[in-house]
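Everything on this sheet refers to the single structure shown next.
What follows is calculated from the coordinates using simple rules that are stated; it is not laboratory data. Bear in mind the structure is a predicted one, so any value in this text is a computation, not a measurement. Because the Cβ atoms are built from the backbone with ideal geometry, glycine has one as well, and the counts that use them run over all protein chains shown.
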Amino acid sequence: MNTTFSQGLKAGSSIAIGYFPVALTFGLLAKTTGLSMIEATAMSLIVYAGASQYMALSLIATGVAPWLVVMNTFIVNIRHFLMTASLSEKVEPAPKWMKAIYAFGITDESFSVLSTQKGKITTAFAFGVASIAYGSWVFFTAVGHVIGANLPQFLQNAMSVALYAMFIGLLVPSMKGNRKVVLLAAIGAAIHCVLYYGNLLSTGWSILVATLGSAIFVEIIYVKNNKTVEHWTVQKEADN
Amino acid sequence: MGAAYWWMLLGMAIATYVPRMIPLTFLDGKELPPIVSGVLRNIPYAVLGALIFPAVLHIQDNILFGVIGAVTAFALSFIGLDVMFVVIGTIAVLAVYSLF
């Protein structure tokens, strides 16, 4: 059972590894875009959103109006409404201000780690996962800017898989013996592929649409087949 | 960069924080209709599928690179390795692959 802060740090350490090359490269790119070390690190420190930060750099480089950068950031992050709504069903009761603090640390990656835990998530555990991931992101942004160089090319290439390997490592154990999980992931992936290769939506929207589409579709199938919500709950509890 | 940059950061910070904070903080223990609650419980697995594909295939220009990475990660986690070892093992396999 994962309950303590230090167990959270441990569970989040694969995120920290995955963030290392991404943050390092962000720091480096920020430098080449003309941001100072303080400006670059401040973005990681107060915004803390990988995809949006990269996007901001490319928009700054092309001289786009700041409010457009903000709009884009919001669109890219709309999917987090869905994730934190889902997470709210899984976290232990805690004072609102405490949840409002660790909510800052909910990224795609920390959401994935938290939501695939068995049973309820304690506040201490959530803080542990969020802290190590956030620490890695901010620290390696600064390092990337300071050293102004990247990892050796072969290592950089290899490490670009880290976050995806983590997502797979989180998904597969839940897939074993659970057809609903397999179906959810497969349909989510399929919808995203169609949207991506068909050039139908930008990434922020397409992840949102794929996720919601799959989650609703599968739920309807299961309810129609009389495998009610209750059945899912009972099965989940049996798994735990 | 000047003041405009810092205002932009503030705007980005709010645009990022609001979608993370509002649902987690304010859905707090509210009883949702069973169908909504069922859909929300499906989200983690649906989102993992959408986060992995097709992005993992395009981590490098060479699609084979992503395919090898994905297959390795699936295999390592299927045999029951902890997430951390799945990540390190997959990086190691791809590091060897890109050296040759």
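Couple of notes before you dig in:
- Cut-off 19 Å (backbone N to label point 7 Å along Cα→Cβ of B:H58), residues of the range A:51-72: A:51-59, A:72
- Computing FRET efficiency as 1/(1 + (r/R0)^6) for A:M98 and A:I78, where r is the C-beta to C-beta distance and R0 is 30 Å, gives about 0.80.
- For the segment A:202-212, counting C-beta atoms of other chains within 10 Å of every residue's C-beta and taking the mean gives 3.
- Between A:S202 and B:W6, the FRET efficiency estimated from the beta carbon spacing at R0 = 25 angstrom works out to 0.40.
- The dipole here belongs to the protein assembly as shown: it is taken about the Cα centre, uses +1 on the Cβ of Lys and Arg and -1 on the Cβ of Asp and Glu, and is about 380 debye.
- Inter-centroid distance (Cα atoms) of the range A:1-29 relative to the range B:3-67, Å: 17 Å
- Couplings 3J(HN,Hα) of the range A:13-29, computed from phi: 5, 5, 5, 4, 5, x, 6, 3, x, 5, 6, 4, 5, 4, x, 5, 5 Hz, in residue order, whole Hz [Karplus 6.51 cos²θ - 1.76 cosθ + 1.60, θ = phi - 60°; x for Gly and Pro].
- Charge-dipole axis of the protein assembly as shown as Lys and Arg at +1 and Asp and Glu at -1 on Cβ define it, positive-most pick from A:V91, B:L64, A:S52: A:V91
- Note on chain B: GNM, Cα springs under 10 Å; of B:A46, B:A73, B:A13, the largest mean-square fluctuation is that of B:A13.
- Amide H contacts under 5 Å for A:I121, placed H, 5+ residues apart: A:V91, A:E92
- Cβ-based charge dipole, the protein assembly as shown, positive-most Cα from A:V138, A:A215, A:S160: A:A215
- Equivalent-ellipsoid semi-axes of the range A:5-163, from the Cα gyration tensor, Å, largest first: 28, 19, 13
- Debye intensity ratio I(q)/I(0), log10, the protein assembly as shown, q values 0.07, 0.09 Å⁻¹ (C-alpha model): -0.27, -0.46
- The label point for A:V223 and the one for A:T4, both projected 7 Å from the Cα toward the Cβ, are 4.3 nm apart.
- Chain B - Rg over Rh from alpha carbon coordinates, Kirkwood radius: 1.14
- Highest to lowest packing among A:147-156, A:7-16, scored as the average C-beta count within 10 Å: A:7-16, A:147-156
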